[in-house]
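The values are calculated or read from the model by the stated rules, or taken from the named source; none is laboratory data. In this text the structure is predicted, and so the values were computed from the model without any measurement. Backbone-built Cβ (ideal geometry, glycine too); neighbour counts: all protein chains shown. Just so you know, the surface numbers come from the protein's heavy atoms only, side chains and all, with ligands and any DNA or RNA stripped out. Shrake-Rupley method; radii C 1.70, N 1.55, O 1.52, S 1.80 Å.
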Amino acid sequence: MKEFLALWNRLVGTTYDAVNTNRAVPEHRKARECFQEYPVEPSCSGARKYRTSIIIAILGISGMLLGTAIQVVNPYDMIFRWKLIFEKGGEIYELWRAPPVELYLKVYLWNVTNKDEYMSGRHDKLKVEEVGPYVYRELLTHENVTFNENGTLTAVPKHPLIWVPELSNGRREDDLVILPNIALLSIADVVSDQSYFTRLGLNLLIRQTESLPLVQMTAREFMFGYSSTLMTLGNKFLPNWITFEKLGLIDRMYDFDGDYETVYNGQKLGLENIGLIEKYRGSTKIPQWDSPCGDISGSSDGTKFAGYIQPNDTLMFFRKSMCRAKKLVKVNETIANGLKAYVYHFDPEADDNGHTNERNRCFCKPDRPCLPPGLLDVRGCYYGFPIALSYPHFLDGGRQLSAKVEGTRPERRKHMSYFVIQPDSGLPIELAVRYQINMALGDIATIANCERFDNMILPLLWTEIKLDKLPDSLGVRFRLYLNILPMLEKYCVYGLLIGGLLFLLASTYKFNQVRRKSAKKYPWSEGDLMFNVDRKLSNYIPSGGDRLPKEMRAYLDNVVVPLTRGCREGA
């Protein structure tokens, strides 16, 4: 009877007690209490004990994903490209519009030291000496800016000069020097191929006004304008040729009256062209030369060069006083003002008149003989005056350039031009543009008082446009943009990728550590526990279990025994 009651109680979920026959607590509640007392963790607590490992793993995966995203998207490059675009109030645009740099013009005059001896014929060569520097600060600005719909803007370039006596090494603008009379020699060259009667009239005028080819004047007069009777007459009788009463070389070099330039602003066209000239005075070329010699589109006025420069790229530099755009070629790499930079020189063939490169043949006019190598005829840019450009002291020019002049001593380090440009931004960090203004006189032997200057290359002055370094504030700003921020982005990517990997490794280590601790605290694995329960199940199945119905055996095997027997075994 006891065995039957015991079996019944197991089936209905109650316990049998020989002393207390009251209905006991339901067996499933007792089993729950038993599992709470016995150190076997329920499966629902697994996520809780691995929570730290999961959080660390999520942080690691997030770090690696973020680092990869930064590497692919490159937000620094996106921001930098956005800042390069010219727009009103934009930082780079304002730097282009009014560069806060210290740009200086240095002028060296060729003072004649043997005037009387040369004019009398006692000396065969004209002796000259370099006098200077006369230093002026150039305040380059772009004014009256208008933004166009085609991705360009139009502006008026201004180059006002301010005298800087403290940098002029004791030189003064009122220094007296003996220099060529540009008015006389220019008119003589222009009239030399005219009719006999035209030359006769000029000779009478020269003798009447006592005009001489070498005159004494102040340095400022020679640079910014001196009065000449011949110039005054030329202004009255030839208004279409001469539009000014005073003649000064620097004054003519810096005559930007009526000039305007159109530059790319980057809003529609390539960012690499930002700040480069599209047109000057509404044309892609200057009128003095045919293409390709006169092409200026894609050149820089020195304020900003092309951006994202590649090592093999050829740059162009345009200055109105040079009467063309000249090619720059990369010769070196350096660090200047703490910034990576490329060093450029003028292309060795830039001053070739077609002697070496047939492409430069357009620098020679059909109606005039081609000048010797190293000398460029630019009379078209100087009102028809016989002006020719060379490097200072006839650097890289043939001996025939100084055949009738004594005193020039070319030195490459002092007289060559160079540009130091930051390749990503196109920012000029240092530059020195040096060239010499000469008179390339023709056959003027028939002009009064000019016989000694027949077929002569006569040096007048040479100039240096110099930027020594960036201002400290500008240098700090660009070191931040071009050095520190890209480095921070790179370190950020590396930090996120390496940090993410370390977090994943830490998560794995933490996960294994929790498992090891769990194994020590709960030595029975799920497999072991089920094996022991299964092994002891036979104690609750009466001998001759074949006599129990199949449903009863299944219930005992799968439900009752695991709930009750496991608890009692633990107890």
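Apply the Karplus parameterisation 6.51 cos²θ - 1.76 cosθ + 1.60, with θ equal to phi minus 60°, to every residue of segment 413-423 and state each ³J(HN,Hα) to the nearest whole Hz, in sequence, with x for glycine and proline.
So the Karplus estimates, Gly and Pro as x, are 4, 8, 10, 8, 9, 8, 9, 10, 10, 6, x Hz.
Mind grabbing the accessible area of K414 for me, 1.4 Å probe, Å², rounded to tens?
The accessible area of K414 comes to roughly 90 Å².
Would you work out the Kirkwood radius for segment 163-303? I mean one over the mean of 1/r across all pairs of different Cα atoms, in Å. Could you put the intermediate results ahead of the total?
Working: mean 1/r = 0.0537 Å⁻¹.
Computed over segment 163-303, the radius equals 18.6 Å.
Too long at a 26 Å Cα-Cα cut-off: which of K304/K466; K115/K246; K327/K469; K246/K404? Intermediate values should be presented prior to the final figure.
Numbers: K304/K466 15 Å; K115/K246 24 Å; K327/K469 23 Å; K246/K404 28 Å.
Correct reply: K246/K404.
Report ³J(HN,Hα) in whole Hz for each residue of segment 482-489, in order, from the Karplus equation J = 6.51 cos²θ - 1.76 cosθ + 1.60 where θ = phi - 60°; Gly and Pro get x.
9, 10, 6, 5, x, 5, 5, 4
With every protein chain left in place, what is the accessible area per residue of segment 403-497 in square angstrom, probe 1.4 Å? Mind dumping the intermediate values first?
Working: 3860 Å² over 95 residues.
In whole numbers, segment 403-497 has 41 Å² accessible per residue.
Which value, in Å² and to the nearest 10, is the accessible area of F86 when all protein chains are kept and the probe is 1.4 Å?
Surface open to solvent at F86 totals about 0 Å².
Can you list the residues, at least 5 places off or on another chain, whose amide H is less than 5 Å from the amide H of L276, using H built in the peptide plane?
For L276, whose amide H was placed from the backbone, the distant partners under 5 Å are Y264.
In terms of modelled amide H atoms, which long-range or inter-chain residues lie less than 5 Å from the amide H of G248?
Result for G248 returns G225, Y226.
What list of ³J(HN,Hα) couplings, whole Hz, do you get for segment 450-456 from phi and the Karplus terms 6.51, -1.76, 1.60, once you set θ to phi - 60° and write x for glycine and proline?
So the J values, rounded to whole Hz, are 10, 4, 6, 10, 5, 6, 10.
Set Lys and Arg Cβ to +1 and Asp and Glu Cβ to -1, take the dipole of segment 70-229 about its Cα centre, and tell me which of L204, V101, N181 lies farthest positive.
It is L204.
How would segment 148-214 be classified by its alpha-carbon gyration tensor: rounded, prolate or oblate, with rounded meaning a/c under 1.5 and the a/b versus b/c comparison settling the rest? Numbers along the way, then the final one.
Values: a/c = 4.97, a/b = 1.41, b/c = 3.53.
It is oblate, given that a/c is not under 1.5 and a/b is not larger than b/c.
So, taking all protein chains as they sit and a 1.4 Å probe, how much accessible area belongs to C293, in Å² rounded to tens?
The value for C293 is about 10 Å².
Would you please report the Å³ per residue occupied by the convex hull of the alpha carbon atoms in segment 368-420? Don't jump to the answer; show the numbers that get you there.
Numbers: hull volume 5.8 nm³, N = 53.
Once divided by residue count, the hull of segment 368-420 is 110 Å³.
S417's amide H: which non-local residues (gap 5+, or another chain) put their own amide H closer than 5 Å, with H modeled 1.01 Å from N in plane and none for Pro or chain starts?
Distant-sequence amide H within range of S417: F346, R434.
Starting from the alpha-carbon convex hull of segment 257-397, give the projected area averaged over all orientations, in nm². Don't skip to the end; give the middle numbers.
Details: hull surface 41.0 nm².
The orientation-averaged projected area of the Cα hull of segment 257-397 comes to 10.3 nm².
Enter the per residue convex hull volume of segment 327-398, computed from alpha-carbon coordinates, in Å³ rounded to the nearest integer. Each step should come with its number before you reach the end.
On the way: hull volume 9.2 nm³, N = 72.
Dividing the Cα hull volume of segment 327-398 by its residues yields 127 Å³.
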